[in-house]
Ligand SMILES: [Zn+2]
């Protein structure tokens, strides 16, 4: 799958779409009403001018390097999975990176939209993408189904399988295109095969807590949460927070392209990456390579 639909249509003319039409398509895929009450989702920055949206950048996190890329690519809109504005801002100065990002969006007339937990819960969203490391979509159920919503919508995911743990780890690594950390259940030697798996992208500790499953997959967890899971008979696979989410953008890009009928040039950020890197013992020299 291409990282950039635009590059496939180099000679094509992108007619552009009004911002409210892009927002309408994003809402019709994953209504913001699905998002958690504590979340801050939807259109977060609307530039004052009404120019058409011709170029859209997709990113997991809107960091300053990603913001620089957006300006360089002359995009009109950024879709950032995590909301860059979460706590209320009391000023827009140069002193804080989030404030600088907001100022850069406004001064470059770039709109900003964040779906966050609406994408987690929606059928065909981030958690379904993560669960597809193990099974097809038909075998995936929400952990907490959303009332009065399309079946398959809800928080977290639950899958049944019959895989040796080594095969499951390999499948997950291939799927997220990255390494994972394993914390084994204290009695793990008693079980060769994994039958039940709880899944939650990002920080899934609180949602997955107390679940009676062989294994859970999430992005990050605290040391003490890990010990609780392991003593409850559950093995934990950690991907790093954003590595459990980011790959979904590759699945979302062609869906958005269809919805916009090819009217916009779509990019996945090349600068967006998880801040954590694994440096193996004895390989510290690789740190410099990672830095570049
Ligand atoms: Zn997250």
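Observations, loosely collected:
- The chain: relative contact order in percent, alpha carbon pairs under 8 Å with at least 6 residues between: 21
- Average Cα contact separation per residue, the stretch 120-239, under 8 Å, 6 or more apart, as relative contact order %: 24
- Cα-only Debye scattering, the stretch 120-239: base-10 log of I(q)/I(0) at q = 0.18, 0.19, 0.20, 0.21 Å⁻¹: -0.86, -0.97, -1.07, -1.18
- Between residue 89 and residue 52, full extension at 0.36 nm per residue minus the direct alpha carbon distance yields a gain of 10.6 nm.
- Helix 97-107 vs. the chain, principal-axis angle (Cα, 0 to 90°, nearest 10): 30
- Listed residues 73, 273, 132, most fluctuating in the chain (Gaussian network, C-alpha, under 10 Å): 73
- Degrees separating the helix 248-259 axis from the principal Cα axis of the chain, which is the longest one: 40
- Protection proxy ranking of 160-171, 226-237, 208-219 - average other beta-carbon atoms within 10 Å, highest first: 208-219, 226-237, 160-171
- Within the stretch 120-239, DSSP assigns beta bridges of which about 65% are antiparallel (rounded to the nearest 5).
- Crossing angle, helix 165-176 versus the chain [Cα axis fit, 0-90 degrees, rounded to tens]: 0
- Among 63, 192, 90, residue whose mean-square fluctuation peaks in a GNM of the chain (springs only between Cα atoms under 10 Å): 90
- The stretch 229-292 versus the stretch 166-199: alpha-carbon centroid distance in Å: 18
- Secondary structure note: in the chain, about 50% of the DSSP beta bridges are antiparallel.
- Taking 195, 240, 49 in turn, the Gaussian network model of the chain (Cα-Cα springs below 10 Å) assigns the largest fluctuation to 49.
- Its Cα gyration tensor gives the chain an equivalent ellipsoid; the semi-axes, largest first and in whole Å, are 34, 22, 19.
- Residue 24-residue 189 FRET efficiency (beta carbon distance; Förster radius 51 Å; 0.05 resolution): 0.45
Read-outs throughout are calculated quantities, based only on the coordinates presented, and are distinct from any laboratory measurement. Since this is a predicted model, take the numbers as computed values, not measurements. Cβ sites come from the backbone with ideal geometry, for glycine too, and all protein chains shown count toward neighbours.
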